[in-house]
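**Student:** What follows is a structure written as structure tokens; I'll ask about it next.
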């Protein structure tokens, strides 16, 4: 079974631009979560999508948005890029939602997209 | 929001020595997960603990969940160079009124041959 794939793997943008990242989950997985990983803040939850609906959102500004398509593929968009948005953006897929009450389904991470903002 | 604290931040060991990383939460966790991220790689799920006092083993790795379900540990016996990486714990933390996956900052293990 193919793993989680993310495109592109590397991206260089300048301040003020916007960017769209793509994630294809493991076949059969309906939940896709997005994370930002930086040396300073570690791994932080951005949002989760399940059945095309955003279930939860972490503590990030509205410049960070996402969506999920009927085939469970997901995209996240960052508008008006800032230098501090430079990070590794990871998506993870799971069968069930990871923000379902107190349960946490196993997440499978993709290789990530390395975004550099100049 | 809730934080999951993890110590130490770094750990240097000689190959063959043991290694332990600790994870602590200010509130009770319903479950805790452990992940490993190799340098330049992505987090890979290792295990999930759910029960109070639970102990699980995977070859040289031993995972424990505290009786109060507020702390957890990962112990590696006789480290090998293949164990190099950052080990993260994660639990369902409260954020904005709902539960969101909350990761510790990770412990980076460096094994010297």
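**Student:** Anything in the stretch A:100-118 that is touching a residue at least 60 places away in the same chain (Cβ under 8 Å) and part of a loop (DSSP other than H, G, I, E, B)? List them, or say none.
**Tutor:** A:105, A:107, A:110, A:111, A:112, A:118
**Student:** How many residues are farther than 14 Å from residue B:75 by Cα and modelled with pLDDT of 95 or more if we restrict to the stretch B:13-38?
**Tutor:** Matching residues across the stretch B:13-38 total 5.
**Student:** Just a yes or no: is a residue in the stretch B:7-18 buried (at least 19 other Cβ atoms within 10 Å of the Cβ) and out of contact with any helix residue (DSSP H, G or I) (no Cβ under 9 Å at 6 or more places or on another chain)?
**Tutor:** no
**Student:** Which residue, of B:109, B:61, is touching a strand residue (DSSP E or B) at 6+ places or on another chain (Cβ under 7 Å), buried (at least 21 other Cβ atoms within 10 Å of the Cβ) and farther than 14 Å from residue B:25 by Cα? Break it down into steps so the answer makes sense when it comes.
**Tutor:** Working: B:61 fails: buried (at least 21 other Cβ atoms within 10 Å of the Cβ).
Going through B:109, B:61 in turn, just one is touching a strand residue (DSSP E or B) at 6+ places or on another chain (Cβ under 7 Å), buried (at least 21 other Cβ atoms within 10 Å of the Cβ) and farther than 14 Å from residue B:25 by Cα: B:109.
Per-residue answers, yes or no, for (1) within 14 Å of another protein chain (Cβ to nearest Cβ); (2) under 20 Å from residue A:28 (Cα atoms):
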residue: A:59; (1), (2): yes, no
residue: A:65; (1), (2): no, no
residue: A:68; (1), (2): no, yes
residue: A:71; (1), (2): no, yes
residue: A:74; (1), (2): no, yes
residue: A:82; (1), (2): no, no
residue: A:89; (1), (2): yes, no
residue: A:92; (1), (2): yes, yes
residue: A:95; (1), (2): yes, yes
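**Student:** Residue B:44 - would you say it is out of contact with any helix residue (DSSP H, G or I) (no Cβ under 8 Å at 6 or more places or on another chain) and within 11 Å of chain A (Cβ to nearest Cβ)?
**Tutor:** For residue B:44, the condition - out of contact with any helix residue (DSSP H, G or I) (no Cβ under 8 Å at 6 or more places or on another chain) and within 11 Å of chain A (Cβ to nearest Cβ) - is met.
**Student:** Right, next: Considering only the stretch B:38-89, give the strands (runs of 3 or more DSSP E) lying wholly within it that have at least 3 residues that are under 21 Å from residue B:103 (Cβ atoms).
**Tutor:** B:44-49, B:61-65, B:71-76
**Student:** Something else: Run down A:19, A:32 and say which single residue is more than 14 Å from chain B (Cβ to nearest Cβ), within 15 Å of residue A:77 (Cα to Cα), touching a residue at least 60 places away in the same chain (Cβ under 8 Å) and within 14 Å of the chain's Cα centre (by Cα).
**Tutor:** None of the others qualify; the one that does is A:19.
**Student:** Can you report the number of residues in the stretch B:37-56 which are surrounded by fewer than 17 Cβ atoms within 10 Å (Cβ to Cβ), more than 13 Å from the chain's Cα centre (by Cα) and over 23 Å from residue B:27 (Cβ atoms)?
**Tutor:** Within the stretch B:37-56, residues that are surrounded by fewer than 17 Cβ atoms within 10 Å (Cβ to Cβ), more than 13 Å from the chain's Cα centre (by Cα) and over 23 Å from residue B:27 (Cβ atoms) number 4.
**Student:** Given (1) more than 15 Å from the chain's Cα centre (by Cα); (2) free of Cβ contacts under 8 Å to residues at least 40 places away in the same chain, identify the lone condition not met by residue B:65.
**Tutor:** In the conditions (1) more than 15 Å from the chain's Cα centre (by Cα); (2) free of Cβ contacts under 8 Å to residues at least 40 places away in the same chain, residue B:65 misses (1) alone.
**Student:** With respect to residue A:103, determine if the residue is within 14 Å of another protein chain (Cβ to nearest Cβ), in contact with a strand residue (DSSP E or B) (Cβ under 9 Å, 6 or more places away or on another chain) and modelled with pLDDT under 95.
**Tutor:** Yes.
The values are calculated or read from the model by the stated rules, or taken from the named source; none is laboratory data. All values derive from a computational prediction rather than experimental measurement. As a convention, Cβ positions derive from the backbone with ideal geometry for all residues, glycine included, and neighbour counts pool all protein chains shown.
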